[in-house]
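Everything on this sheet refers to the single structure shown next.
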Amino acid sequence: MKKFLICFILLNIALPSQAFFWNRKDKALEKELQGKGYAGTLPSLGEKIEKSKTKVTTPIFESQEGFNDPSDLKPVPKDNPAFINIIQKKDETSNYANDAGEIIPMLEKLVDCIEDNESLQLFITKANLLTLNIDNLAEKYDGKPESYYTSFKKLQEVNNYIKSIATLRREAVTYQRYLAYSTSGSIYNPENIAQQLEYLVEELTTTILLLKEEG
């Protein structure tokens, strides 16, 4: 009994000293490992990270049957200037087409002048302006590939006819009264001049359509 009591007393004395020793040892170890890595128990990552799952992406727009069917496609906006000038980027017009295009309104004005039965003075003025521009066109493209164009040849043909009719109408004013009863005076009578003007309108109209087709 005495031995047991003595052992119990010695054990109580030794435990605090051992605890103090190990406490100092743990603090020394902690100080030595400070800044050199993680000292502790790692958490369990498996519980917090879910297994990756394959995600299925669905299209935003619904598919349409027959999408590539030509019958369902909208027609090209050919009448839209933005489409013609920007998207299609049409070829530049040749110099000849531009020059010939400027003559078209003059041809149309002469047709209107004849059909509206305007005065001889207006007819002569519009005819002279037209023939002057056709002469300039002929001089500019004479001997060049453009001179073989059908429209170019037609312009020269109608140009000569315009000059002939203009001369005929001017002379008729002067000579008709003196040549009324002679054979040569018949070309100046109003009926013949009217027929010539009708034919001129047909030729002018044909030339206008030809220029527009080639332009």
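Key figures for this structure:
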{"read-out": "Options LYS74, LYS89: the member that is among the charged types (D, E, K, R), at pLDDT below 95, farther than 22 Å from GLU213 by Cα and not in a helix (DSSP H, G or I)", "value": "LYS74"}
{"read-out": "Count of residues meeting criterion [free of Cβ contacts under 8 Å to residues at least 40 places away in the same chain and within 35 Å of the chain's Cα centre (by Cα)] in region 106-129", "value": "2"}
{"read-out": "Unique match (being over 26 Å from ALA97 (Cα atoms) and not polar (S, T, N, Q)) among ILE124, ILE208, ILE162, ILE134", "value": "ILE124"}
{"read-out": "Meets criteria (within 30 Å of TYR96 (Cα to Cα), in contact (Cβ under 8 Å) with a residue 24 or more places away in the chain and among the β-branched types (Val, Ile, Thr)) for VAL201", "value": "yes"}
{"read-out": "Pick from region 133-143, criterion surrounded by 12 or more Cβ atoms within 10 Å (Cβ to Cβ) and more than 18 Å from GLU203 (Cβ to Cβ), ranking: farthest from the chain's Cα centre (by Cα)", "value": "ASN136"}
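The values are calculated or read from the model by the stated rules, or taken from the named source; none is laboratory data. The model shown is predicted, which means the values in this text are computed figures rather than measured ones. For neighbour counting, all protein chains shown are included, and Cβ atoms are generated from backbone atoms with ideal geometry for every residue, glycine included.
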